[in-house]
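The values are calculated or read from the model by the stated rules, or taken from the named source; none is laboratory data. None of these values were measured; they are calculated from a predicted model. Here the Cβ is made from the backbone with ideal geometry for all residues, glycine too, and neighbour counts use every protein chain on show. Side chains included, ligands, DNA and RNA excluded: accessible areas come from the protein's heavy atoms. Shrake-Rupley method; radii C 1.70, N 1.55, O 1.52, S 1.80 Å.
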Amino acid sequence: MTRKPQAETQRTIRDRRIFYRWLWLVYAPLVLGFLAVLVFASGAMPGFLALPFVALLALDAISIRLVVERRRRKIALRVPPTLLIGVGTTVVAVLAGAILAWMGIDRLSSATGPPLLVTGGFLMLAAAFAPGFKLLDLVMRVTARTLLRVSGDRRPGPSPPARRRPQPRPRKAA
């Protein structure tokens with residue numbers, strides 16, 4: 001690999017890491033904070049969640065400050081194309097599932113209604129669990145890499161032969 005493609009690959013990896021750190025440490029708490037405020041306003045929040053709720057609101061204040069500062073400095077976050085593809089396919093699956101479920105409900109009394117309803121429900125349910133499956137996949141990959149790095153090469157079978165150092169040749173007498 002030459003220098004230029006290698007530097008480009010490293011920059012892409014760095015940009016992706018930065019984006020996902022922002023996603024999980026800044027944007028996700030903002031969404032969770034909004035949902036928590038809605039639950040609190042409805043009066044359905046249990047009392048034992050008061051301290052985590054206040055901590056989440058403090059994290060939201062820090063997140064808002066970080067977003068404002070990033071916008072003020074005009075620093076762009078590059079969105080990885082794989083994320084756009086994943087979100088796009090999830091939206092398509094939810095829309096297709098909703099249409100199929102709607103068609104199935106409309107024809108529930110006929111023979112074609114229940115299969116359409118089940119198929120649409122499956123697509124929407126699969127789309128709902130897709131982020132969880134992605135997170136599980138990520139955890140399993142990181143765990144496997146860590147275990148392989150820690151344990152080394154412990155494959156069953158004969159060990160590879162040890163390398164011999166070349167013996168110096170005896171000098172010829174003159």
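If you go through the stretch 66-124 and pick out every residue that is in a helix (DSSP H, G or I), open to solvent by less than 70 Å² (accessible area, probe 1.4 Å), under 22 Å from R17 (Cα atoms) and among the aliphatic types (A, V, I, L, M), you end up with 2. Quick check on my filter: what residues within the stretch 13-39 are without any contact (Cβ under 8 Å) to a residue 24 or more places away in the chain and more than 30 Å from A50 (Cα to Cα)? I13, R14, R17, listed by residue number. Of the residues making up the stretch 72-82, at least one is of a type in the set (K, R) and in contact with a Ser or Thr (Cβ under 9 Å, 6 or more places away or on another chain).
To keep it simple, each residue is scored yes or no on (1) closer than 30 Å to R11 by Cα; (2) in contact (Cβ under 8 Å) with a residue 60 or more places away in the chain; (3) not basic (K, R).
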{"position": "R70", "(1), (2), (3)": "yes, no, no"}
{"position": "I75", "(1), (2), (3)": "yes, no, yes"}
{"position": "R78", "(1), (2), (3)": "yes, yes, no"}
{"position": "L84", "(1), (2), (3)": "yes, no, yes"}
{"position": "V87", "(1), (2), (3)": "yes, no, yes"}
{"position": "P114", "(1), (2), (3)": "no, no, yes"}
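Residue count for the stretch 1-49 satisfying the condition of being more than 24 Å from R78 (Cβ to Cβ) and outside any helix (DSSP H, G or I): 4. Going residue by residue through the stretch 17-36, is there one that turns out to be over 22 Å from P131 (Cβ atoms), surrounded by 10 or more Cβ atoms within 10 Å (Cβ to Cβ) and over 17 Å from the mean Cα position of the chain (by Cα)? No, because not a single residue in the stretch 17-36 is over 22 Å from P131 (Cβ atoms), surrounded by 10 or more Cβ atoms within 10 Å (Cβ to Cβ) and over 17 Å from the mean Cα position of the chain (by Cα).
Condition first: exposed (fewer than 13 other Cβ atoms within 10 Å of the Cβ), under 17 Å from V31 (Cβ atoms) and of a type in the set (A, V, I, L, M). Now tell me which residues in the stretch 43-61 satisfy that. Give the derivation first.
Residues of the stretch 43-61 that are exposed (fewer than 13 other Cβ atoms within 10 Å of the Cβ), as a first pass: 43-44, 46-48, 50-52, 54-55, 58, 61.
Keeping just the survivors that are under 17 Å from V31 (Cβ atoms) gives 52, 55, 58, 61.
Those that are exposed (fewer than 13 other Cβ atoms within 10 Å of the Cβ), under 17 Å from V31 (Cβ atoms) and of a type in the set (A, V, I, L, M): A55, A58, A61.
Candidates in the stretch 136-166 are the residues that are assigned to a helix (DSSP H, G or I) and open to solvent by 100 Å² or more (accessible area, probe 1.4 Å); of these, the one that is modelled with the lowest pLDDT is V150.
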